[in-house]
Amino acid sequence: MTAESTEYSKKVLTRLDTIHEDLVDIKPTRELNIFSKPLPEEGAAVLMGFPGSGLVGTIALQYMVDQLEFELIGSMTSKYFPPLAMMNKGLINDPVRVYLKKSGDLNIAAIVADIPIAPMICYEISNGILEWLTPFKPREVLTIAGIITNEPEKRVFGVATSPDALRRVQEHTLVLPIGSISGIASSILTECKARNIPAVGLLGETINAPDPRSSAATIEVLNKMYNLALDVQPLIEQAVEIEQSMGKIAEEVQQQAESTPKKDLPMYG
């Protein structure tokens, strides 16, 4: 080997070492990005509502934060969220929003979403949310979802991650003796159980359409649990209008979800 070729080999090896160092320094992209003010250090009750059956959680919590004038403190984004944004009077809404309000001696945070979470990314999103929440030591987590029964009663069923958490809701709901739940609500409850964070789920009896009446039933449970004194009558009176507007949103969301190639989702292939 000549001196010239030896020098060239050294340069190549040096360049490869540099490339390796650059690659090691590259951090993997986070599945969920959260831009928010910190939650209170003394712990807060964290309520979550994502689109699902009847849009029960989304309608209930958005009505709550609007009527009780919660402060908007943050938002969430993810490359796996569908490219969809809702507008209100010409202004773009963040697809997932974080709110906060002090109610009596209790701080209440609310995470409200306009977009559905695909089943294949429920773990990534719920894990990202709980990773962010855990350092704030939340007092409890509550998630609201719908359960389709096609019955007119609008009952609210309760589930929890521990016997103590179950006692929080068993006087105000019908406890499900056996069964299963799915979607982002189940992932959030599972993550809370794994992290030993008290969590409960409210499942509003609904139909497969936007259902503000079921949302009103879950708000009545929230009133009892957190002493909110939130009047649901305006929600009932606006039910028809809300059903129409949320129905259009649901159609757009469904069309967007159906048009999203599966290869764009994680854990596919």
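Tell me which residues, restricted to segment 74-116, are among the charged types (D, E, K, R), touching a strand residue (DSSP E or B) at 6+ places or on another chain (Cβ under 7 Å) and farther than 16 Å from TYR63 by Cβ.
The answer is ASP94, and nothing else.
Looking at (1) open to solvent by 20 Å² or more (accessible area, probe 1.4 Å); (2) farther than 17 Å from ILE219 by Cα; (3) not basic (Lys, Arg), which one does GLU171 not meet, given that it meets all the others?
Condition not satisfied by GLU171: (2).
Residue-by-condition table, conditions (1) in a loop (DSSP other than H, G, I, E, B); (2) among the small types (Gly, Ala, Ser); (3) without any contact (Cβ under 8 Å) to a residue 40 or more places away in the chain; (4) over 16 Å from PHE136 (Cβ atoms):
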position	(1), (2), (3), (4)
LEU47	no, no, no, no
GLY54	no, yes, no, yes
ALA60	no, yes, no, yes
LYS79	yes, no, no, yes
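Taking SER186, is it at negative phi and either open to solvent by 60 Å² or more (accessible area, probe 1.4 Å) or among the β-branched types (Val, Ile, Thr) (or both)?
No.
Considering segment 62-77 alone, what residues qualify as being of a type in the set (A, V, I, L, M, F, W, C), out of contact with any Phe, Trp or Tyr (no Cβ under 6 Å at 6 or more places or on another chain) and in contact (Cβ under 8 Å) with a residue 40 or more places away in the chain?
MET64, LEU68, MET76
Being open to solvent by 10 Å² or more (accessible area, probe 1.4 Å) and over 15 Å from LEU133 (Cβ atoms) is the filter here; which residues of segment 60-74 pass it?
Selection gives GLN62, TYR63, ASP66, GLN67, LEU68, GLU69, PHE70, GLU71, LEU72.
Just wondering, is there one or more residues in segment 189-204 that are more than 19 Å from ALA109 (Cα to Cα), modelled with pLDDT under 95, crowded, with 19+ Cβ neighbours inside 10 Å and in contact with an Asp or Glu (Cβ under 8 Å, 6 or more places away or on another chain)?
The answer is yes; a qualifying residue exists.
Identify, from the list THR149, THR134, the residue that is closer than 26 Å to ARG213 by Cβ and surrounded by fewer than 21 Cβ atoms within 10 Å (Cβ to Cβ).
Every option except THR149 fails the conditions.
Scanning segment 37-52 for residues that are open to solvent by 30 Å² or more (accessible area, probe 1.4 Å) and over 16 Å from GLU131 (Cβ atoms), which turns out nearest to the chain's Cα centre (by Cα)? So that I can check it myself, show each step before the final result.
Initial filter on segment 37-52 (open to solvent by 30 Å² or more (accessible area, probe 1.4 Å)): 37-38, 41-42, 52.
With over 16 Å from GLU131 (Cβ atoms) added as a condition, the list becomes 37, 41-42, 52.
On the way: LYS37: 17, GLU41: 21, GLU42: 22, GLY52: 11 Å.
Among those residues, the one meeting the criterion is GLY52.
Could you grab me the full set of residues in segment 219-251 that are modelled with pLDDT under 85 and in contact with a Leu (Cβ under 7 Å, 6 or more places away or on another chain)?
MET246, ALA250
The values are calculated or read from the model by the stated rules, or taken from the named source; none is laboratory data. Bear in mind that the values here come from a model prediction, so they are computed numbers and not experimental data. When we count neighbours, we look across all protein chains shown, and the Cβ atoms used for this are built from the backbone with ideal geometry, even at glycine. Each accessible area value is taken on the protein alone, full model and side chains, heavy atoms only, with ligands, DNA and RNA left out. Shrake-Rupley method; radii C 1.70, N 1.55, O 1.52, S 1.80 Å.
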